[in-house]
Amino acid sequence: MARTKQYNETEVVEKAMTLFWKNGYETTSMQMLEKAMGINKFSIYSSFGNKHGLFLESLKLYQSNVNKVLDKLKKGHDGIEDIKQFFYDSVSSSFKNDKVKGCFVTNTYNEFSEKQDECITKQMNQFMDNLKSIIIEKLKMDPSKSEDTVTKQANYLLLAKHGLAAAARVNTKQEIEDYIEMTFKNL
């Protein structure tokens, strides 16, 4: 007879996500996960298969949290101002929480850029493609922009978002705000 889980799976995934976000995949050990999650290795393996499976669940949880911010961006009616607000919204948690910095997706993207991990690459590409399509949609709200300009500005903003996420790990709130303001100054 199977034993009943003595923990809430979403809560333990959230704890694992915070640990992965702070330390990265490679640096996070099973012992660290056990301690942070408050469950043993057997429970981790039973629920998630292995560390990699737990990491994928952590990414899914993070992305579902980010989807709330993306939905706000999608529903906006102010084009570039919506994108700018998204930049502010995406780093606002960094100003409140010293445990994690930057964007978990960008951190993962950087950590796994040289690795051949199909599952993670697929998740990262889907996330970035979705973000880029939303940015393009917002930029197209300005009828004076050509298709070429929209594409170039979307690429620029996607790269700026990566830079913002990396900067949020080490820079001050004022430096981040200055970065965002300068990013949008000439769009």
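The values are calculated or read from the model by the stated rules, or taken from the named source; none is laboratory data. Source: prediction; values computed, not measured. Here the Cβ positions follow ideal geometry from the backbone for every residue, glycine too, while neighbour counts run over all protein chains shown. The area values use the complete protein model at the heavy-atom level, side chains included, leaving out ligands, DNA and RNA. Shrake-Rupley method; radii C 1.70, N 1.55, O 1.52, S 1.80 Å.
Taking the condition farther than 28 Å from Leu19 by Cβ, hydroxyl-bearing (Ser, Thr, Tyr) and outside any loop (DSSP other than H, G, I, E, B), does Tyr156 pass? Answer is yes for this residue. Against the criterion of being open to solvent by less than 40 Å² (accessible area, probe 1.4 Å), over 24 Å from Lys22 (Cβ atoms), of a type outside the set (A, V, I, L, M, F, W, C) and in contact with a Leu (Cβ under 8 Å, 6 or more places away or on another chain), Thr108 does not qualify. For Glu137, state whether it is open to solvent by 50 Å² or more (accessible area, probe 1.4 Å), assigned to a helix (DSSP H, G or I) and of a type in the set (D, E, K, R). Criteria met by Glu137.
Scanning region 112-131 for residues being among the acidic types (Asp, Glu), assigned to a helix (DSSP H, G or I) and more than 17 Å from Glu57 (Cα to Cα) gives a total of 1. List pairs: first in region 65-82 and at positive phi and in contact (Cβ under 8 Å) with a residue 60 or more places away in the chain, second of a type outside the set (Ser, Thr, Tyr) and outside any helix (DSSP H, G or I), Cβ under 6 Å, 6+ apart or cross-chain? Final answer for the pair search is Gly79/Met141; Gly79/Asp142.
Of all residues in region 64-84, exactly one satisfies the criterion of being open to solvent by less than 30 Å² (accessible area, probe 1.4 Å) and either basic (Lys, Arg) or within 21 Å of Asp117 (Cβ to Cβ) (or both), namely Val66. Selection over region 85-99 of residues that are hydrophobic (A, V, I, L, M, F, W, C), surrounded by fewer than 20 Cβ atoms within 10 Å (Cβ to Cβ) and either modelled with pLDDT of 85 or more or not in a helix (DSSP H, G or I) (or both) gives a count of 0.
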